[in-house]
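Computed from the coordinates by the stated procedures, all read-outs in this text should not be read as laboratory data. Owing to the predicted nature of the structure, the values given are computational and were not obtained by experimental measurement. In this analysis, Cβ positions are derived from the backbone assuming ideal geometry, glycine residues included, and neighbour counts consider all displayed protein chains.
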Amino acid sequence: ALGPINIMALRSMRGYFPGVPLIVDAGLGRPSHAATVMELGFDAVLLNTAVAKAAYPVGMARAFGKAVEAGREAHASGLLEPRDVAVPSTPTIGRAVLS
């Protein structure tokens, strides 16, 4: 499974259907894939192959559960928008400038 391929399309779909529960049910092969779609604001993931075909299905199911929780919490907490450049956020008032 390649994971979420078109992030922009998924983000657009979530924005277009704000009150509709959206579930991703295909292409998720790793727990990080589940975390990614949950960070985008999706409501759930539906899994089978990634867990059923894992060497240790119980452990894989547990890993997916943790990833889903982490992605959901990250989305609810307000993720930073991606940027092309780094923007410092550390306060510099009262600190020495060493140049």
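Figures for the structure shown
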{"read-out": "Segment 70-95 - residue that is in contact with a helix residue (DSSP H, G or I) (Cβ under 8 Å, 6 or more places away or on another chain), assigned to a helix (DSSP H, G or I) and not basic (K, R) and, of those, farthest from G41 (Cα to Cα)", "value": "A70"}
{"read-out": "Out of L2, L28, L98, sole residue that is of a type outside the set (D, E), buried (at least 17 other Cβ atoms within 10 Å of the Cβ) and part of a loop (DSSP other than H, G, I, E, B)", "value": "L28"}
{"read-out": "Verdict on A50 being crowded, with 17+ Cβ neighbours inside 10 Å and closer than 20 Å to R14 by Cα", "value": "no"}
{"read-out": "Pairs with Cβ under 6 Å, 6+ apart, first in segment 25-54 and under 20 Å from E81 (Cβ atoms), second among the basic types (K, R)", "value": "M38/R72; L40/R11; L40/R14; G41/R14"}
{"read-out": "Of all residues making up segment 7-22, the number that are outside any loop (DSSP other than H, G, I, E, B) and surrounded by 10 or more Cβ atoms within 10 Å (Cβ to Cβ)", "value": "8"}
{"read-out": "Of all residues making up segment 31-64, the number that are within 16 Å of A76 (Cβ to Cβ), part of a loop (DSSP other than H, G, I, E, B) and hydrophobic (A, V, I, L, M, F, W, C)", "value": "2"}
{"read-out": "Residues satisfying the stated conditions in segment 1-30, i.e. among the hydrophobic types (A, V, I, L, M, F, W, C), more than 24 Å from S77 (Cβ to Cβ) and touching a helix residue (DSSP H, G or I) at 6+ places or on another chain (Cβ under 6 Å)", "value": "none"}
{"read-out": "For V58: the one exception among (1) within 12 Å of the chain's Cα centre (by Cα); (2) exposed (fewer than 10 other Cβ atoms within 10 Å of the Cβ); (3) of a type in the set (A, V, I, L, M)", "value": "(1)"}
{"read-out": "Candidate set: segment 51-91, residues that are of a type in the set (G, A, S) and touching an Asp or Glu at 6+ places or on another chain (Cβ under 6 Å); chosen: the one farthest from P31 (Cα to Cα)", "value": "A74"}
